[in-house]
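So the structure is just underneath, and the comments pick up after that.
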Amino acid sequence: MVRGRRLGAPVVLAGAVLSLSLLLHLRDPHRGGSWGYCPWLLLTGTYCPGCGGLRAVNDLTHGDLGGAASSNLLLLVSAPFVVAWWSRWTRDRWRGVRRSVDSRRQVRLAVLFVALALCFAVLRNTDAGAWLAP
């Protein structure tokens, strides 16, 4: 397969992420309602694992790591893992490497991340974890 065709999916994903990041850089989500409101927060009055994620991306595009951590620590901690996954995927596509998919490992990683996200959501809605709230 031609290298350009193999790189299509990683490049499209990177372009989409960069485009959305640029939009978040230009339109500040710190202003209430500028990007709408979290439906979970409106319905339950509690923060979901994603609450503050748009503000965190905006903070990152301005180079403010402290602000990003304050907005959504889970997103900030997850970002290097996502970048590492994308980098490996892109490198494999570039080289034409096909890795076998270990379904059990993928399921375990997905369950682990969902469990961490749920723990994060519960903790940020308690008095002890109030510092995690956006």
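Please treat every number below as a calculation from the coordinates, not as lab data. Being a predicted model, the structure only gives us computed values, none of them experimental. Counting neighbours? That spans all protein chains shown, and the Cβs are built from the backbone with ideal geometry, glycine included.
Each principal axis of the Cα cloud of the chain was taken in turn, and the coordinate range along them, longest first, works out to 52, 37, 26 Å.
The residues packed around GLY67, meaning those with a beta-carbon under 13 Å from its beta-carbon, carry a net charge of -2 if Lys and Arg are +1 and Asp and Glu are -1. Cut-off 10 angstrom, C-alpha nodes, Gaussian network model of the chain. Which of VAL107, VAL57, VAL82 fluctuates the most? Of VAL107, VAL57, VAL82, the Gaussian network model singles out VAL107 as fluctuating most.
Over region 3-132, calculate the relative contact order: mean separation of alpha carbon pairs under 8 Å at least 6 apart, over the residue count, as a percent. Before the final figure, lay out each step's value.
Working: 92 pairs, mean separation 35.8, N = 130.
Rounded, it is 28 percent for region 3-132.
If you line up the long axis of helix 8-26 against the longest principal axis of the chain, both from Cα atoms, how many degrees apart are they, to the nearest 10? For 8-26 against the chain, the angle is about 30 degrees. The angle between the Cα long axis of helix 73-95 and the longest principal axis of the Cα atoms of the chain comes to about 10 degrees, rounded to the nearest 10. Toward the positive end of the charge dipole of the chain, with +1 on the Cβ of Lys and Arg and -1 on the Cβ of Asp and Glu, the farthest Cα among ASN72, LEU18, ALA115 is that of LEU18.
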